[in-house]
Amino acid sequence: MPFNHENKPENNYENTFLEAETLYDLYAFFDHIEQHKEDESEIDKRVKAYFRGVLLRFTHDEIAKELGTTSGTVQQSLSAKLAKPIKLLLKIPDKYLDWSRVPDLLTKAGYAQASGANNRENLAFLDSSKAQPQESISTPIEKDVEELRYLERSKIESRYEQEISRPGCLLRLKAPWHMGKTTLINKLINKAKGQGYFTVYLSFKIAPNDVLNDLDRLLRWFSACITKQLMEQGIALQLPENLSSYWDETFGSKLSCKYYLNKKILIKISSVLLVVVEDIDLVCETPKIADDFLDMLRDWREEANKINDWKKLRLIITYSRKIITSSIYKSPFNVAETELPEFEYEEVCALVQKYELNCDSSQIQQLIGIVGGYPFLIQQALVKIYRSEITFDELLKTDPTDSRIYSNHLEEHLLFLQTHAELEKSMKRVVDEREPVKLDWEQANQLYSMGLVKLERIFYATPRCQLYRQYFQECLK
């Protein structure tokens, strides 16, 4: 649904993102949510509008733009009103609710409207008087799929495990969307916890826009998030109502943040602290802030090589696009970078074996011929085949651009391109040419980060896979 800001009534919460009500039984959902709330306050129209946007797979930024607010307000409102009852209702054990997964979670729980009148009967087990164990929501197959999805990348994992055991560790992981960065990071975090490390995970995707545009506010937010997560892990810290006692305008934000991390946190913990910062390229959209922030991380790494308290710190940063800074010799970007690769043929075969699918090498080669080794597209196909929603033969005989397996994914990319004219033109050029196409740096970088293209010699782009070439040749006119 393209956004339309023209003549839009202010705070038009009731009539926004109504398409979600045709996809999910929200009447039943909010009825069940009421049974899992801890307070008596009503879930207002504003929060329900935000939630409908989530179900249509819009980001918090996109929801905020549509409703004339900030992404921070959207995130805070959803978390305050819906995060805990959703986790209780659907029996989700995670501390933090990944809002991008909510549409799929609701579908698994039976709220999707596809089953029509019978849908309410399927939801009966969610009534508090008829509550069932976890298995009622996540079937054995669904549980298995979460385990099967992960393909161990032993070389990268073993290297990272060795590195985070060393003082002064600062690792850089680069890959486009849907390449498996977060999955790999989660595996590393779990292993670090198993070794007794304290861990902090931050993604700049959830940072409010006004924070990303102001270094002082960014570092205060950054410090507060680290403190809060460590408090949730049982460390006896106290999150100040404000950080003024640690912030000194004379020394500036970077030194104040460094002082806070050292005096407030590092000297008070007895074990290693692993801090993972994802989507750091969002900070780098503002060059001056990027230079200061990256210089600060590099300084922390150097301190960790010589000062005992700082030796407890380990850093991993991830991003989806090439980042160029004006202070290359001070930033962490002259530290070795790992670029997460696509699956190779042998790895796809290993995944097929994990799913116990009946297919031959020729069929696997044909699948790779359509979607390349792009992990997200490979996994989408294998999960659908595993769940008997389609067979290998049906998938390979169907025009991939018409396949229901990829329709939502392709349409989301198409909508984004159609709302960014220069990006749309660049993608059109790439899919129409058989040779690599030289693009403007910004356009090449954005298309790469979305996973739509591969880059050769930095500026030269080709479609990441045949699926993208066929689909966008037809849809981009």
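Between residues in the range 16-31 that are over 15 Å from residue 49 (Cβ atoms) and residues that are open to solvent by less than 10 Å² (accessible area, probe 1.4 Å) and polar (S, T, N, Q), which pairs lie under 6 Å by C-beta distance while being six or more apart or on different chains?
Once the first residue is over 15 Å from residue 49 (Cβ atoms) and sits in the range 16-31, its partners that are open to solvent by less than 10 Å² (accessible area, probe 1.4 Å) and polar (S, T, N, Q) give 25/119.
Looking at the range 450-473, can you tell me whether even one residue there is open to solvent by 20 Å² or more (accessible area, probe 1.4 Å), touching a residue at least 40 places away in the same chain (Cβ under 8 Å) and acidic (Asp, Glu)?
No: zero hits.
Being of a type in the set (A, V, I, L, M, F, W, C), surrounded by fewer than 18 Cβ atoms within 10 Å (Cβ to Cβ) and assigned to a loop (DSSP other than H, G, I, E, B) is the requirement here; does residue 267 meet it?
Criteria not met by residue 267.
I'd like to check something: does the range 406-419 contain any residue that is surrounded by 13 or more Cβ atoms within 10 Å (Cβ to Cβ), of a type in the set (Ser, Thr, Tyr) and touching a strand residue (DSSP E or B) at 6+ places or on another chain (Cβ under 9 Å)?
For the range 406-419, residues surrounded by 13 or more Cβ atoms within 10 Å (Cβ to Cβ), of a type in the set (Ser, Thr, Tyr) and touching a strand residue (DSSP E or B) at 6+ places or on another chain (Cβ under 9 Å): absent.
Return the residue satisfying two criteria in turn: it lies in the range 353-367 and is of a type in the set (A, V, I, L, M) and modelled with pLDDT of 90 or more, and of such residues it is nearest to residue 397 (Cα to Cα).
367
Restricting to the range 233-253, and then to whatever is surrounded by fewer than 18 Cβ atoms within 10 Å (Cβ to Cβ) and under 21 Å from residue 294 (Cβ atoms), can you tell me which residue is modelled with the highest pLDDT?
252
Is at least one residue of the range 399-407 hydrophobic (A, V, I, L, M, F, W, C) and part of a helix (DSSP H, G or I)?
Checked the range 399-407: no residue is hydrophobic (A, V, I, L, M, F, W, C) and part of a helix (DSSP H, G or I).
Of everything in the range 451-463 that's more than 14 Å from residue 321 (Cα to Cα) and at pLDDT 95 or above, which residue is nearest to the chain's Cα centre (by Cα)?
Ranking the candidates gives 463 first.
Could you grab me the full set of residues in the range 273-309 that are touching a strand residue (DSSP E or B) at 6+ places or on another chain (Cβ under 6 Å) and not in a helix (DSSP H, G or I)?
273, 274, 275, 276, 277, 278, 279
Any idea which of 380, 353, 366 is open to solvent by 40 Å² or more (accessible area, probe 1.4 Å) and either assigned to a loop (DSSP other than H, G, I, E, B) or under 13 Å from residue 465 (Cα atoms) (or both)?
The conditions single out 366.
Got a number for residues in the range 176-232 being assigned to a helix (DSSP H, G or I), among the small types (Gly, Ala, Ser) and open to solvent by 10 Å² or more (accessible area, probe 1.4 Å)?
Residues in the range 176-232 being assigned to a helix (DSSP H, G or I), among the small types (Gly, Ala, Ser) and open to solvent by 10 Å² or more (accessible area, probe 1.4 Å): 2 in total.
Only one of (1) modelled with pLDDT of 80 or more; (2) under 22 Å from residue 92 (Cα atoms) is not met by residue 140, so which one is it?
The failed condition is (1).
Regarding residue 42, is this residue part of a loop (DSSP other than H, G, I, E, B) and either out of contact with any Asp or Glu (no Cβ under 7 Å at 6 or more places or on another chain) or under 17 Å from residue 106 (Cα atoms) (or both)?
Answer is yes for this residue.
Could you list, ordered by first residue, the pairs with Cβ atoms under 9 Å in which the first is in the range 204-232 and over 20 Å from residue 259 (Cβ atoms) and the second is among the polar types (S, T, N, Q) and not in a helix (DSSP H, G or I), at least 6 apart or interchain?
So the pair list comes out as 205/59; 208/70; 209/70; 210/70; 212/286; 213/286.
Where the second residue is modelled with pLDDT under 85 and in a helix (DSSP H, G or I) and the first is at positive phi and lies in the range 62-82, which pairs have Cβ atoms under 8 Å and are six or more apart or on separate chains?
none
Could you grab me the full set of residues in the range 248-264 that are hydrophobic (A, V, I, L, M, F, W, C) and either in contact with a Cys (Cβ under 8 Å, 6 or more places away or on another chain) or not in a helix (DSSP H, G or I) (or both)?
Passing the criteria: only 251.
Any idea which residue in the range 308-323 is most open to solvent (accessible area, probe 1.4 Å), counting only those that are closer than 14 Å to residue 273 by Cα and not aliphatic (A, V, I, L, M)?
308
The values are calculated or read from the model by the stated rules, or taken from the named source; none is laboratory data. This is a predicted model, so every value here is computed, not measured. Every residue, glycine among them, receives a Cβ derived from its backbone with ideal geometry; neighbour counts consider all protein chains shown. Just so you know, the surface numbers come from the protein's heavy atoms only, side chains and all, with ligands and any DNA or RNA stripped out. Shrake-Rupley method; radii C 1.70, N 1.55, O 1.52, S 1.80 Å.
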